[in-house]
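Here's the structure, in structure tokens; my notes come after.
The values are calculated or read from the model by the stated rules, or taken from the named source; none is laboratory data. Because the structure is a prediction, the values reported are computed rather than measured. With ideal geometry, Cβ positions are generated from the backbone for all residues, glycine too; neighbour counts draw on all protein chains shown.
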Amino acid sequence: MRRFYDTQEIRSPAEREAALMAALPKQVAHAQSASPAFAQLLAGMDAGSVNSRDALARLPVTRKHELLERQKKERAPGKGNGDVFGGFSAIRWGAQTPRVFASPGTIYEPEGTARDYWRVARAIFAAGFRTGELIHNSFSYHFVPAGSMMETGAHALGCTVFAGGTGQTEQQVQAMAELRPAGYIGTPSFLKIIMEKAADMGVALPSVTKALVSGEAFPPSLRDWLAERGIQGYQCYATADLGLIAYETEAREGLVLDEGVILEIVRPGTGDPVPEGEVGEVVITTLNPDYPLIRFGTGDLSAVLPGSCPTGRTNTRIKGWMGRADQTTKIRGMFVHPGQVADIARRFPEVLRARLVVSGEMASDLMTLKVEAQGFQGGGADLQARIGEAIRDVTKLRGDVELHAPGTLPNDGKVIEDARSYK
């Protein structure tokens, strides 16, 4: 039995990087010509020069809220041009777009005709599913693309799918008992509900021995609970905008990146890549020609793990979902954004990292900017005073400044920490 979905998973890192960087300028050029939004966002950019990670890092980051704002503007009656995708899609209604989905916001996403359009077959394979098996898919089939994402991936793998969808727990148990699927795809919490309902009904489900879960946290306690009942569960990280980003393997050491994306981890509120191992926002450039998102900020926090997967897969690994990057906080009636903290830090070459901590009680906020700085010994008071002035200039608020040695602030991706008491 083959160990890998395809040979792309075991390419040398140098070979993979060369292939990605060769594809990148072509994708940028395609986005400029086929996507009205990127024609504007990347106006004047020479696509041929975007052939390295340094060059990619100089392009603007488009975050989910900006995509939503463009969609709302373009589809507003009498105001926009009627493009429900906000100019980001390279495909239009008709045979090239068989389905369209909606995510909370509302954000609309196109589904193209490519086999395994969302590239999820790789994650399904890594979870142990093989050609010729039946999969019970309990992701939603309406509005959101999750059901279709998993079904098209399963079909690409050569599996049959039972479209279970959500709800109707007793019927889910009955279908599993009678159809005897090899495993389950859906949220981990719903699988637990199904297994508990089966136990209440006195129905055994011995065929269900594996699961691919996503859409919510999959803590070790739930993974172990399923394992005690004979189910090996693995998780994947995907979004409705990008498709598969990363997936878990039997090594259970982080998540391995999909072969069709270029990952950057940036400091929240900026487009600046952070050093390997530091927590930051996941930014993805997809090679999907139908929806060519260039430097798309997911709003999720993660970090790159060193080394490669013990299974032999050679792509970069990330720690998985570690929280949200949008830490905008209201302080004394004013919104303060992570980007403002980054603007303050950029003014001072001595500052390596900055973390704004809001403490006290509501309506009595205390704001302290903690910074890691080099070479401030003997001149700390002057640096503190200058940073304090920058805080007032950028945020229009007063705040204290604390200087810390390099490497001493928490590595959790937080640029703004709300430590106020809400009692």
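Only residues that are of a type in the set (D, E, K, R), under 20 Å from the mean Cα position of the chain (by Cα) and either at pLDDT 95 or above or assigned to a loop (DSSP other than H, G, I, E, B) (or both) were counted in the stretch 47-65, giving 1.
If the condition is being closer than 21 Å to G260 by Cα and small (G, A, S), then the stretch 301-359 contributes S302, A303, G307, S308, G312, G320.
Taken over the stretch 370-402, residues that are modelled with pLDDT of 90 or more, of a type in the set (A, V, I, L, M) and over 11 Å from F348 (Cβ atoms) amount to 3. For E259, the conditions (1) closer than 30 Å to R295 by Cβ; (2) in contact with a strand residue (DSSP E or B) (Cβ under 9 Å, 6 or more places away or on another chain); (3) of a type outside the set (K, R) all hold with the exception of (2). Restricting to the stretch 98-119, count the residues that are farther than 29 Å from E9 by Cα and charged (D, E, K, R). Matching residues across the stretch 98-119 total 1.
Within the span defined as the stretch 170-177, one or more residues are in contact with a His (Cβ under 8 Å, 6 or more places away or on another chain), surrounded by fewer than 20 Cβ atoms within 10 Å (Cβ to Cβ) and either under 18 Å from E216 (Cα atoms) or not acidic (D, E) (or both).
Scanning the stretch 269-281 for residues that are in a loop (DSSP other than H, G, I, E, B) and either closer than 13 Å to A325 by Cβ or in contact with a strand residue (DSSP E or B) (Cβ under 8 Å, 6 or more places away or on another chain) (or both) gives G269, T270, G271, D272, V274, E276, G277, E278, V279. The condition (being surrounded by 15 or more Cβ atoms within 10 Å (Cβ to Cβ) and farther than 23 Å from G299 by Cα) is satisfied by just one residue among E111, E133: E133. State whether the residues of the stretch 37-46 include one that is acidic (D, E) and either at pLDDT below 95 or not in a loop (DSSP other than H, G, I, E, B) (or both). Checking the stretch 37-46: not a single residue is acidic (D, E) and either at pLDDT below 95 or not in a loop (DSSP other than H, G, I, E, B) (or both). Cβ separations smaller than 8 Å between residues 6+ apart or across chains give the following pairs from the stretch 232-261 residues that are over 21 Å from L287 (Cα atoms) to residues that are β-branched (V, I, T) and in a loop (DSSP other than H, G, I, E, B): Q232/T209; Y234/T249; T249/T311; E250/T311; A251/T311.
Can you spot a residue in the stretch 282-294 that is closer than 24 Å to I344 by Cβ, out of contact with any Lys or Arg (no Cβ under 8 Å at 6 or more places or on another chain), free of Cβ contacts under 8 Å to residues at least 60 places away in the same chain and part of a loop (DSSP other than H, G, I, E, B)? Within the stretch 282-294, not a single residue is closer than 24 Å to I344 by Cβ, out of contact with any Lys or Arg (no Cβ under 8 Å at 6 or more places or on another chain), free of Cβ contacts under 8 Å to residues at least 60 places away in the same chain and part of a loop (DSSP other than H, G, I, E, B).
Out of A22, A47, A34, A39, which single residue is out of contact with any Cys (no Cβ under 9 Å at 6 or more places or on another chain), more than 23 Å from E109 (Cβ to Cβ) and either surrounded by 12 or more Cβ atoms within 10 Å (Cβ to Cβ) or without any contact (Cβ under 8 Å) to a residue 24 or more places away in the chain (or both)? Full working, then the answer.
On the way: A22 fails: either surrounded by 12 or more Cβ atoms within 10 Å (Cβ to Cβ) or without any contact (Cβ under 8 Å) to a residue 24 or more places away in the chain (or both); A34 fails: more than 23 Å from E109 (Cβ to Cβ); A39 fails: more than 23 Å from E109 (Cβ to Cβ).
Going through A22, A47, A34, A39 in turn, the sole match is A47.
Does I391 satisfy the criteria of being β-branched (V, I, T), closer than 24 Å to E281 by Cβ and within 26 Å of the chain's Cα centre (by Cα)? When the stated conditions are applied, I391 does not pass them.
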